1. Which of (1) exposed (fewer than 14 other Cβ atoms within 10 Å of the Cβ); (2) in contact with a Gly (Cβ under 9 Å, 6 or more places away or on another chain) is the odd one out, the single condition A:Asn151 does not satisfy?
2. Does A:Ser18 satisfy the criteria of being in contact (Cβ under 8 Å) with a residue 24 or more places away in the chain, facing chain B (nearest Cβ under 9 Å), closer than 30 Å to A:Glu142 by Cβ and open to solvent by 10 Å² or more (accessible area, probe 1.4 Å)?
3. Could you list, in sequence order, all residues of the stretch B:100-126 that are farther than 17 Å from B:Thr141 by Cβ and free of Cβ contacts under 8 Å to residues at least 12 places away in the same chain?
4. Would you check if there is a residue in the stretch B:164-182 being open to solvent by 30 Å² or more (accessible area, probe 1.4 Å), more than 14 Å from chain A (Cβ to nearest Cβ), of a type in the set (S, T, N, Q) and not in a loop (DSSP other than H, G, I, E, B)?
5. So B:Phe145 passes all but one of these: (1) open to solvent by 30 Å² or more (accessible area, probe 1.4 Å); (2) touching a Phe, Trp or Tyr at 6+ places or on another chain (Cβ under 9 Å); (3) closer than 21 Å to B:Leu198 by Cβ. Which condition number does it fail?
6. Restricting attention to the stretch A:53-73, and to residues there that are open to solvent by 60 Å² or more (accessible area, probe 1.4 Å) and in a loop (DSSP other than H, G, I, E, B), which single residue is farthest from the other protein chains (Cβ to nearest Cβ)?
7. Going through the stretch A:26-43 one residue at a time, which ones are surrounded by fewer than 14 Cβ atoms within 10 Å (Cβ to Cβ) and away from chain B (no Cβ under 12 Å)?
8. Condition check: touching an Asp or Glu at 6+ places or on another chain (Cβ under 7 Å), more than 10 Å from chain B (Cβ to nearest Cβ) and either crowded, with 22+ Cβ neighbours inside 10 Å or among the charged types (D, E, K, R) (or both). Does A:Lys50 satisfy that?
Amino acid sequence: MLQFKLVLLGDSSVGKSSIVHRFVKDSFDEFRESTIGAAFLSQTIKIEDKGSQQEVVIKFEIWDTAGQERYKSLAPMYYRNANAALVVYDVTQQDSLAKAQGWVNELKTKVGEDDLVICLVGNKLDLCTEEGESSSKPKAVESSDAEGYANEQGLLFHEVSAKTGEGVKQVFQSIGEKLYEFKKHELANSKGRQGAGGDTVNVQLQRPSTNDATSCCG
Amino acid sequence: MDLKQVAVDRYGSRDELVQRGVWRGELYRYADTDKGRGWLWKALIAEEQANNGNQFDKRHQMHVRRLTPPAVPKLTAPLEKPVIELDLRRLNDAELLQPEVQKTLLELMIRVLTIHNWTYKQGFHELLGTIWLQLREPNSTMTVFEKMMEQVVPIFYNETRLAQWEKHIFAPLLKVCSPILHDQLYREGNHTNLLWLLRWTRVLFLRELPMDYVLVIWDHILTGTYPIETLLSGIIVVLLLNVYGELSHPECDDDDLVEILLNYNESVSSLVDSAELCRMGSRLVELWFLQDVNSLRMICNTFLKLRFNVNQVDNNNS
């Protein structure tokens, strides 16, 4: 099993915790309490190794962080050693994408690793899909703008609804695939170092502070 | 019987209620602890303010001066008002989401922030909401909220002070009480323990423990004579001992530790009684002030032996 550390970042109330709960527990609460500091959850997915056609199990260790501006100084504590980051914005809030861009910049300057997978995620799609409904809101961030920015920066991009579940699994699936793609060679080396002792390799791929790209946890 | 009835029947004075009822835990043996807390807090705090000539007198007078109207500056909405409104709308209780209650809570929050010149941080709103649910009345809610926040804000909502607290109070106490847990949590290369300590301390265990349990801890905080930073250290040490088996498991790695501690309510299988937790936490604090290392270690070893039949092997003997 492969383990990856994934951190969620984004402005307050864009739905970071709701995305995590949809992914981990397949549930949605209309009223979700603010995250204080951070929450920690884990979930596994399966991806297919395109070369060998074999199934690979990936475990995400998910750090869901508080979005309030004042917690920003603490953010490095959470994204330290992360393999992937989900930067979330609210598609119904105009300034939300700009704030997400701020997080992307911070990750790029502070983490600065080429193989950190960043995925830009627009949430609350359900609020603007039912035209004419009294509860619907206009879409304030155009998909093309967000996607254009994501392409420019080399980020994955998805629009989702944590409420309906639309697109949520695909986010983690695509991150898993990308991480696996990055790490395949390191894994092969790691396997070689471990010898032919078994059929499975259990490798933690969190970035250690020692810059050793892989480490074994038995 | 509710807390009010037991308190009225058994204690003749506030001091008796505080010392025997709360700190010796008698109150919780006889009362249904989720009923009558509003009355209890009013009695404990309002009477503290009205009482003259007792040991709380000086502190009380300082407290009253801070709350007396002439000192209240003109209220202006802080810049964080939209965030506060947003957070209040996310409180997890239907009663707190009523428009009238939301309005009152917002006013109270702004008033307290203005008086104390505090900057709002997420977590304030949960403490205020919880206090409101016990009292359901603005004046006493504000009094209790202020009393709580005057202790909590300067240390636990200040990142620098929080880190200092961890380094100089919490970690050394844990090291004396349980070198094994200390070594486990402070292994080189580990995540910083502030990851979980931040939430435990800022919302005073609201996310980690059941509500009736948390409120017993809050009774102690509101009536305590111990500095909150030391009292919370003692309580947290006992809570860690309560999951000693899980934390000290040889296969428990850095991430497992954080997962256990950020999901404490799911990790813990049998929780020590809330009054017992506070009694033991405060005993640790007393011994810490006396620097009685042997007794500290002995209490923790006895706790582990009695509750989990675990012998805490002491290799360091320090």
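1. (2)
2. Numbers: in contact (Cβ under 8 Å) with a residue 24 or more places away in the chain: yes; facing chain B (nearest Cβ under 9 Å): no; closer than 30 Å to A:Glu142 by Cβ: yes; open to solvent by 10 Å² or more (accessible area, probe 1.4 Å): yes.
So A:Ser18 fails the test.
3. If the condition is that a residue be farther than 17 Å from B:Thr141 by Cβ and free of Cβ contacts under 8 Å to residues at least 12 places away in the same chain, then B:Asn117 is the only one that fits.
4. yes
5. (1)
6. Out of the qualifying residues, it is A:Gln53.
7. Within the stretch A:26-43, A:Asp26, A:Ser27 meet the criteria.
8. When the stated conditions are applied, A:Lys50 does not pass them.
The values are calculated or read from the model by the stated rules, or taken from the named source; none is laboratory data. As the structure is a prediction and not an experimental result, all values here were calculated from the model. In this analysis, Cβ positions are derived from the backbone assuming ideal geometry, glycine residues included, and neighbour counts consider all displayed protein chains. Heavy atoms of the whole protein, side chains included, go into the accessibility calculation; ligands, DNA and RNA do not. Shrake-Rupley method; radii C 1.70, N 1.55, O 1.52, S 1.80 Å.
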